[in-house]
Number of protein chains: 2
Amino acid sequence: MLYRIGEVAKRTDCKVETVRYYEQVGLLPQPYRSDSNYRLYSEEHLAQLRFIRHCRSLDMPLEDIRNLLTLREQPHEHCAEINTLVDKHIRRVNEQMASLGQLRKSLLALRGQCAGPGSSDTCEIVRELSACECHQE
Amino acid sequence: MLYRIGEVAKRTDCKVETVRYYEQVGLLPQPYRSDSNYRLYSEEHLAQLRFIRHCRSLDMPLEDIRNLLTLREQPHEHCAEINTLVDKHIRRVNEQMASLGQLRKSLLALRGQCAGPGSSDTCEIVRELSACECHQE
DNA sequence: TACAATCCCTCTAGTAACTATAGAGTCAAG
DNA sequence: CTTGACTCTATAGTTACTAGAGGGATTGTA
């Protein structure tokens, strides 16, 4: 059973262009071609695309996915590496969360500056954004 | 007192290329030029660049900063708009945090799948990434 | 004065992961 | 036989920079 690109895209919940893109950057092997040059995908292609999409839904960079796809062939020899890769990604996500938390605090503080129109001559938010000392010197 | 681009970059803690970039995309007005065509910045330029950098440190998109720079001229007429803009950004950050939280949960669950080498025929992490049902159909 | 180390200039291309467009061919239904 | 949906390639655009080539300007030292 072979599928055309539109079918594949629908089944993996991604855009047709994205499927072609993955092929272009070498994440997805070249599919067969019909007489009229349409791409034709097998179940294996489909499975690999699902793997990629799942990794992407976990926000892994394509480079990591590329590595995983290779390591996947002999999972047991590479168990440690696979874990390292996942751990690294978890750390990345932790860092992002921490810095977003800081960001949120700063934004709420900034937002709290506004005492409404008429309360002073200048907008407190604008003043704060202009006058802070983080980027002096 | 006029400053050359390197000095400006150092004082605002950003790269020389970034300063030129802000000029190119119209966030920073064109500076004066020396006889030898070097960019020369005034204190006002410096202040505006600090404003931009502070907004960026809050992760605001350049487009929002562009709007703020305009609204800033008559802060009081635009108090409501300024608040809206900041609120929108806070919501964006909240959403990012929520989705990162989900992501972290999924990654930790995935990581927990690994029972160490030798425990089964296939790597559980790889199996989970392949076999999940999120991207079926 | 000569020279080297910095600085600065413009222009172009590269980054991540797609997304969108143009212009053309293919296929199935009515 | 024509309409609409699908597909193809190739190219450019997105965000916010960053890096590099190839050249001139300035500054400090010998």
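The values are calculated or read from the model by the stated rules, or taken from the named source; none is laboratory data. Source: prediction; values computed, not measured. So basically every Cβ, Gly included, is an ideal-geometry build from the backbone, and we count neighbours across all protein chains shown. Just so you know, the surface numbers come from the protein's heavy atoms only, side chains and all, with ligands and any DNA or RNA stripped out. Shrake-Rupley method; radii C 1.70, N 1.55, O 1.52, S 1.80 Å.
Of all lysines in the structure, the ones whose alpha carbon falls short of 25 Å from that of A:K105, not counting any fewer than 8 places away in one chain, are B:K88, B:K105. Please find, in a Gaussian network model of chain A (springs between Cα atoms separated by less than 10 Å), the residue of A:L110, A:L62, A:L40 whose mean-square fluctuation is greatest. Among A:L110, A:L62, A:L40, the largest mean-square fluctuation in the Gaussian network model of chain A belongs to A:L110. Pairs of Cα atoms nearer than 8 Å and 6+ residues apart set the relative contact order; for chain B it is 15 percent.
Given a 1.4 Å probe and the protein chains as shown, B:D64 ends up with an accessible area of around 10 Å². For segment A:1-60, the orientation-averaged shadow of the C-alpha convex hull comes to 3.8 nm² (one quarter of the hull surface).
Calculated accessible area for segment A:1-126 comes out at 55 Å² per residue, all protein chains present (probe 1.4 Å; ligands, DNA, RNA ignored). Only DSSP H runs of four or more residues enter the estimate; each adds -39500 (n - 2.57), and after division by the residues of chain B the mean residue ellipticity at 222 nm equals -20000 deg cm²/dmol. On association of chains A and B, roughly 4900 Å² of accessible area becomes buried (total for both chains; probe 1.4 Å).
In this simple spin-label approximation, B:L108 and B:E7 carry label points 7 Å from Cα along the Cα→Cβ vector, and these lie 5.2 nm apart.
At 1.4 Å probe size, with the rest of the protein present, what percent of the exposed accessible area of segment A:1-60 is carbon and sulfur atoms?
On segment A:1-60, the fraction of accessible area on carbon and sulfur atoms equals 44 percent.
With all pairs of different C-alpha atoms in the average, the Kirkwood value for the hydrodynamic radius of chain A is 19.2 Å. A point 7 Å from Cα along Cα→Cβ stands in for B:E95, and the other copies hold the same point at 2.5 nm, listed in rising order.
Shielding of peptide B:87-100 by partners, expressed as the average count of other chain Cβ atoms within 10 Å per residue Cβ, is 3. For A:K15, the aspartates and glutamates whose Cα falls under 12 Å of its own Cα, not counting residues fewer than eight places away in the same chain, are A:E7.
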